[in-house]
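K.L.:
My questions will all concern the structure given below.
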Amino acid sequence: MLRLFCLAQNFFWRKTISGLALLVFFANPFTLLEQTSGVARVILGLLLILSVFSWALILQKFSQLGGIEAKTTKFLQMFRAGRGLSDPNTLRAGVGGTPLISVYAAGYRELESQIGGANSRPSSGDGGKLRNANAVGVEMQVAAGEEVRRLEKGMSSLATIASVSPFIGLFGTVWGVMDSFAGLGDAGAASLRAVAPGISEALVTTAAGLFAAIPALIAYNHYLHNIRSVAARMTDFAAEFVAKVETLYSS
C-alpha cells in the first residue's frame, strides 16, 4: 500500500511539473511575472541586469574581434611580400585593426633606434647595423602582452556571469519549492492550485538563470579561443620579425 501511494504521488508530481513547464513556455510572461513573489522578482531583475550587461560585452567583443583573423592574415601577407621593412603607418593604413600592427611598430621603433634613429630608417634600406636582436624581440613581446590584455578586457565579467547566473536562478528555484510546500501546508492537501504558484516561480527563475548564462558562456569560449589564436600568432610573428631583421641588418 505504501509503495502504491509513493508511485501515485510521483506520478502526480511529474504531471504537475510537466504541465507547469508547458505553462512557462506558452503562457503570457507578464501573467507569470504577476504571479511571482517579491523575492522572485528581485532575482529576475538581477538576472535581467546581468543578461543586458553580458549582451553589451558580447557585442563589444564582437566589434573588437570581428574580422581580426582576416586582417591578421592580410597583414602577414603584406609583411612577407616585401624584402625590406615597411613603415608601420603604411601597413596600418592598408590593413586596419589587427594587434600585429602594434607588435610590428614596437619592433620597428627599437630597430630604428639601434641602426641610427631618423637618419637611417629601416624602411629606407640604409644598411645600418643591428646591435641587439634580443632587445627587438623583447619590445615586441611587451607590446604583444599589452595587446592580449586589451583583448581580454571584459572576458572575466563574461565568465563570472556565465558561472553565477545559474546559481542565482537555482536560489529562485529553491525559494519557489519552499513556497510550494508552504502552499501545501496552508491548503492541507496536495492539489495543483496549492503548488502551482511556487512551482511556476521556480521554473521561471531557473529559465531566467539559464537565459543569462548560456549566451555568456558560449561567447566566452568563442572569444577566448580567438584571443589565444591571436596571441599565438603575435608570438610567432615576433620571432619571424627578429629573424628577418637579423638577416637584413646583422651583416
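The values are calculated or read from the model by the stated rules, or taken from the named source; none is laboratory data. Remember, predicted model here, so these are calculated numbers, not experimental data. Because the Cβ atoms are built from the backbone with ideal geometry, glycine has one as well, and the counts that use them run over all protein chains shown.
K.L.:
What number goes with the only condition from (1) surrounded by fewer than 18 Cβ atoms within 10 Å (Cβ to Cβ); (2) modelled with pLDDT of 90 or more that Glu139 does not pass?
P.N.:
So Glu139 meets the others, but not (1).
K.L.:
Another question, if that's okay. Can you tell me which residue is farthest from the chain's Cα centre (by Cα) among those in the stretch 54-77 that are buried (at least 16 other Cβ atoms within 10 Å of the Cβ) and aliphatic (A, V, I, L, M)?
P.N.:
Leu76
K.L.:
Are any residues in the stretch 81-99 of a type in the set (Lys, Arg) and either touching a Leu at 6+ places or on another chain (Cβ under 9 Å) or modelled with pLDDT of 85 or more (or both), and if so, which ones? If you could, list the steps in order and put the result at the bottom.
P.N.:
Our first condition is that a residue be of a type in the set (Lys, Arg); within the stretch 81-99, this holds for 83, 92.
Once the filter is applied, which keeps residues that are of a type in the set (Lys, Arg) and either touching a Leu at 6+ places or on another chain (Cβ under 9 Å) or modelled with pLDDT of 85 or more (or both), the stretch 81-99 yields only Arg83.
K.L.:
How many residues does the stretch 157-174 hold that are surrounded by fewer than 20 Cβ atoms within 10 Å (Cβ to Cβ), more than 14 Å from Ile218 (Cα to Cα) and among the hydroxyl-bearing types (Ser, Thr, Tyr)?
P.N.:
0
K.L.:
Could you tell me whether the stretch 4-26 includes any residue that is at pLDDT 50 or above and surrounded by 11 or more Cβ atoms within 10 Å (Cβ to Cβ)?
P.N.:
Within the stretch 4-26 (the criterion being at pLDDT 50 or above and surrounded by 11 or more Cβ atoms within 10 Å (Cβ to Cβ)), the answer is no, since none of the residues qualifies.
K.L.:
Just checking, how many residues over the stretch 78-104 are crowded, with 18+ Cβ neighbours inside 10 Å, among the β-branched types (Val, Ile, Thr) and assigned to a helix (DSSP H, G or I)?
P.N.:
Number satisfying all stated conditions: 3.
K.L.:
Continuing with this model, one more query. It is to be established whether one or more residues within the stretch 170-189 are at pLDDT 90 or above and either more than 17 Å from Leu47 (Cβ to Cβ) or in contact with an Asp or Glu (Cβ under 7 Å, 6 or more places away or on another chain) (or both). Steps first, answer last, please.
P.N.:
Pass one, the stretch 170-189, residues at pLDDT 90 or above: none.
No, the stretch 170-189 contains no residue that is at pLDDT 90 or above and either more than 17 Å from Leu47 (Cβ to Cβ) or in contact with an Asp or Glu (Cβ under 7 Å, 6 or more places away or on another chain) (or both).
K.L.:
Since Val52 meets every condition but one in (1) farther than 24 Å from Asn226 by Cβ; (2) at pLDDT 85 or above, which condition does it not meet?
P.N.:
Of (1) farther than 24 Å from Asn226 by Cβ; (2) at pLDDT 85 or above, only one is false for Val52: (1).
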